[in-house]
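First the structure, in the form of structure tokens, and then the observations on it.
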Amino acid sequence: MLRVFSSFSGELVMAIRSEQASNIASVKRHLQRVHGISCYRQKLLHDGRVLADSEEITSPVDLLVVLLRFGEASAQEMQRFQNAAIHGDVRVMKEMLQSCHDPNCSQGLTPLAVAACCGHLDVVELVLEAGADTNKGDERTGLTALALACQNGRLEVARFLLESGADKDQSTRTGFTPLFTASCHGHIEVVRMLLSAGVNLDIVVESENVWECGTPILTACQKGHVEIARLLVEAGADVEKRSRSRGKTPFFQAAILSFEMPPLSERMNFAYYMYAVATGSSFRCRRHVQIVHLLLDNERRLLSRLWKKFVYYVLIRVGLILLVLLLVIPVRLIRRLRNI
């Protein structure tokens, strides 16, 4: 049995079978899983000697664990941390973490967010192992590691962050969710992955910028991302939901962007758009036209389902009435015959 005791209190912290830990690094990982203490804050000692991570464990042994505090990083050290995250420099990142620098220290974006933005999965794994907060956002914008990964199409990084417990619906200070940013920037596979994770489809972003408000399906329609719009429709996105600041539906936005003319008044009769879509006149953007047809097809399917439900409802009602008549009429006839 391998036992680990606290150097401060002398209490037993953890006990595992010797075969569960091949070396000191694996013992630290066990401690992190059980107690949530970053591997980089642990020093393990035996007989007063600090043990290296690579040292193997061949027999039952008692160890002491010393917990270190994260040190205050200077501006220069934080810049070095950021540069390592930008360039995916795992060696420098390990040096910084082993020197007990806080993985959540930042000059705006955290090292985790920077690495996620740049798509460096190995650095993301490293700082998460060191205890980085998956949901810590930029102090000014609120951008998280997941939001930046989705914004820049970093599929594997985004998937790993979700598996590591990142909040799939956390929004920035301006209200952008990971799904909204991925839909806005046209990253189909990222959108598909977020949908499979069960994100909220209809969170509304409120903004004075016409290109940065509404729901994910609205921004996909505005940008002409046909496949993303199709994915969102199939997933059940509300195609009638509007932003309070702009009040446009996805259909209206796609329709208005399909014309070779300046934006028309929102007061214009909806029938005019229907006519333009049906005749194919004055279109400049084929992607927006496709989205209009996609939304119309979806509307037709919904109406068809509603019509079928209505027909079934009527048939059931008629059937019940006929059943009642078939039961009541013979009874009345029998009573009359008896009276005769």
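The values are calculated or read from the model by the stated rules, or taken from the named source; none is laboratory data. What you are looking at is a predicted structure, and each value in this text was computed from that prediction instead of being measured. Cβ coordinates were reconstructed from backbone atoms using ideal geometry, including for glycine residues, and neighbour counts include every protein chain displayed.
For this structure, a couple of remarks:
- Within segment 168-187, the set of residues being under 14 Å from N152 (Cβ atoms) and over 12 Å from the mean Cα position of the chain (by Cα) comprises C184, H185, G186, H187.
- Residue check for R33: modelled with pLDDT of 85 or more, within 32 Å of the chain's Cα centre (by Cα) and at negative phi: no
- Identity of the residue in segment 62-80, surrounded by 12 or more Cβ atoms within 10 Å (Cβ to Cβ) and touching a helix residue (DSSP H, G or I) at 6+ places or on another chain (Cβ under 8 Å), that ends up farthest from S99 (Cα to Cα): L63
- Restricting attention to segment 56-108, the residues that are in a loop (DSSP other than H, G, I, E, B) and of a type in the set (D, E, K, R) total 4.
- Residues that are among the hydroxyl-bearing types (S, T, Y) and in contact with a helix residue (DSSP H, G or I) (Cβ under 7 Å, 6 or more places away or on another chain) were ranked within segment 145-173; the one that is modelled with the lowest pLDDT is T172.
- Where E139 falls short, out of the listed (1) buried (at least 23 other Cβ atoms within 10 Å of the Cβ); (2) assigned to a loop (DSSP other than H, G, I, E, B): (1)
- Restricting segment 207-216 to residues that are assigned to a helix (DSSP H, G or I) and modelled with pLDDT under 85, the residue that is nearest to S171 (Cα to Cα) is E212.
- Check on D47, out of contact with any Leu (no Cβ under 6 Å at 6 or more places or on another chain), farther than 30 Å from A149 by Cα, outside the structural domain of A130 (by TED's automatic domain parsing) and at pLDDT 85 or above: yes
- Extreme residue, surrounded by the fewest Cβ atoms within 10 Å (Cβ to Cβ), among residues of segment 15-53 that are touching a helix residue (DSSP H, G or I) at 6+ places or on another chain (Cβ under 7 Å) and in a loop (DSSP other than H, G, I, E, B): A52
- Leading residue by the ranking (surrounded by the most Cβ atoms within 10 Å (Cβ to Cβ)) among those in segment 168-206 that are of a type in the set (G, A, S) and part of a loop (DSSP other than H, G, I, E, B): S171
- Considering residues of segment 102-125 that are crowded, with 23+ Cβ neighbours inside 10 Å and over 20 Å from Q170 (Cα atoms) only, the residue farthest from the chain's Cα centre (by Cα): D102
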